[in-house]
1. What number of residues in segment B:140-159 are more than 10 Å from chain A (Cβ to nearest Cβ) and within 17 Å of the chain's Cα centre (by Cα)?
2. Give the residue that is surrounded by the most Cβ atoms within 10 Å (Cβ to Cβ), with candidates limited to residues of segment A:33-50 that are of a type in the set (V, I, T) and under 17 Å from A:Y14 (Cα atoms).
3. Take the residues of segment B:17-48 that are over 30 Å from B:V158 (Cα atoms) and under 24 Å from the mean Cα position of the chain (by Cα): which is surrounded by the fewest Cβ atoms within 10 Å (Cβ to Cβ)?
4. Any residue at all in segment A:62-71 that's within 11 Å of chain B (Cβ to nearest Cβ) and closer than 23 Å to B:P142 by Cβ?
5. Is it the case that B:Y45 is in contact with a Lys or Arg (Cβ under 7 Å, 6 or more places away or on another chain), in a helix (DSSP H, G or I) and more than 14 Å from every other protein chain (Cβ to nearest Cβ)?
6. Filter segment B:50-88 down to the residues that are free of Cβ contacts under 8 Å to residues at least 12 places away in the same chain and away from chain A (no Cβ under 14 Å), then identify the one that is nearest to B:V124 (Cα to Cα).
7. For the list (1) away from chain A (no Cβ under 14 Å); (2) β-branched (V, I, T); (3) within 29 Å of B:P55 (Cβ to Cβ), I need the number of the one condition that B:T197 fails.
Amino acid sequence: MRWEVFRQAKRGDYHKHCGDVHAPDREMATLFAQIQHGRRMTTESLWVVPSEEVTEIDADDTAFGGRTDKAYRWATAYNVDASFAQEVADSEEEQAEVEQSRGDD
Amino acid sequence: MDIETVKARAGPREFGRADDMPEEYREAATRMLQFHANSEIMGAYLEKPFIRQSPSVDRKLAFSAKVQDEIGHGQLLYRAAEALGVKTREEMLDELARGDGKFLNCFHYEMTDWAETPMIAFFVDGAAMKRQATLKQSSWTPYAHAMDKICFEEGFHVKHGEDIMRELATGSRKEQRLLQEAFDEWWPRILQFFGPTDDRSTHHDFAADVGLKTMTNDELRNQFLNAYVPKARKYGLEIPDEPRIRTDEDGEYYEVVEADLDWDEFFAIAKNEYPEGLDQIDGRATAREAVAWVRDSLTEADAGGPGATASAGGD
């Protein structure tokens with residue numbers, strides 16, 4: 001049986017998918033996950049999930065956002081200065097980064 | 001974990017679902033998150049009519065995107081609240097419909113004219129974003145994670161709100177007049193957004209001690225005034241003489257004269273006893289009831305087993 005492993009590097013971080021393991025049951029899966037995915041890099045926590053419990057939907061199945069031009073949804077579309085408030089400027093910058101990488105990943 | 005350990009360890013994103021948190025922490029975090037989630041939902045209902053009332057297709061698209069965002073933020077926050085194990089999402093939504101759920105003062109007022117929209121979309125969202133940016137450092141990790149996504153999206157909301165204000169402020173004399181009237185009406189409410197000064201805030205000390213929040217209402221109000229008063233002036237808005245706001249010798253805003261604000265109204269709102277606010281609560285409860293059949297049909301499909309249903313809504 002295959003299990004997907006999500007690793008959290010440090011407290012407060014997101015759990016990110018880092019790989020999988022083979023194991024006959026949950027207990028063995030957590031053990032193998034520790035050995036295979038929590039040994040070298042600093043690890044705070046692992047989530048171990050049966051692979052068949054993960055449901056996937058991909059770009060062939062559906063039309064995700066991000067590929068169509070929806071400029072009105074982006075802070076960058078509005079020609080007013082965001083620098084007056086740090087948190088607004090930060091948000092705009094994060095959005096600009098995502099906008100630029102659109103289609104790259 | 002006992003409360004002293006929580007206080008000793010309190011820091012940004014320190015606690016999560018795997019930690020055994022004491023009841024006092026879970027209740028305080030639930031109170032904050034539920035208030036925040038309710039506010040997202042009630043704010044969305046306040047702005048929803050302006051999808052229809054938008055003067056252009058661009059504004060219509062932006063308002064519908066924004067309302068969709070806010071409902072998603074509400075859902076995100078209910079999940080972060082639910083993870084504390086105190087209340088389920090359904091309980092919180094029921095409380096909101098019954099008039100027991102609390103939410104931001106500004107969303108208890110009616111908004112009827114287009115010229116009012118920047119009051120919410122720029123000033124109130126801007127004030128909310130000030131607070132939300134600090135909550136990225138909350139000790140309850142699901143709260144901080146929700147803030148990552150919410151703050152990412154909010155930049156659009158605030159800039160869109162400013163763009164509407166710019167358009168009105170540089171428009172016809174009538175538009176300028178309507179904008180000023182809206183500002184006169186909303187300004188005291190916006191000043192009350194951060195609540196009364198800290199010595200009268202009952203919940204702050206504990207929430208700060210356990211790292212749920214990192215900044216006082218006074219600090220946030222001050223930062224907000226320093227950023228947003230110059231913006232209002234830039235667009236030719238006159239700041240009303242009352243309520244008075246005082247500056248120190250460097251021109252930094254440091255105090256709102258509290259006696260100039262209507263605290264009876266504020267506390268009536270805080271108890272969900274303000275007539276306009278009750279209309280907002282009832283309006284939402286009615287809308288929720290009207291689409292109960294959608295939820296019911298999803299639940300019925302759920303009973304059909306895994307894969308029998310599409311998931312509802314999006315963030």
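1. Adding up the residues that qualify gives 4.
2. The qualifying residue surrounded by the most Cβ atoms within 10 Å (Cβ to Cβ) is A:V48.
3. Only one residue fits best here, namely B:E24.
4. no
5. Spelling it out, B:Y45 is indeed in contact with a Lys or Arg (Cβ under 7 Å, 6 or more places away or on another chain), in a helix (DSSP H, G or I) and more than 14 Å from every other protein chain (Cβ to nearest Cβ).
6. Top of the filtered list is B:R52.
7. (3)
Listed here are the residues, each with its yes/no results for (1) facing chain A (nearest Cβ under 10 Å); (2) more than 27 Å from A:T76 (Cβ to Cβ).
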site: B:E90; (1), (2): no, yes
site: B:D100; (1), (2): no, yes
site: B:A121; (1), (2): no, no
site: B:S138; (1), (2): yes, yes
site: B:G161; (1), (2): yes, no
site: B:I164; (1), (2): yes, no
site: B:W186; (1), (2): no, yes
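Laboratory data are not the source of any read-out in this text; all were calculated from the coordinates shown. Computed from a prediction, not measured in an experiment: that's the story for all the values here. Backbone-built Cβ (ideal geometry, glycine too); neighbour counts: all protein chains shown.
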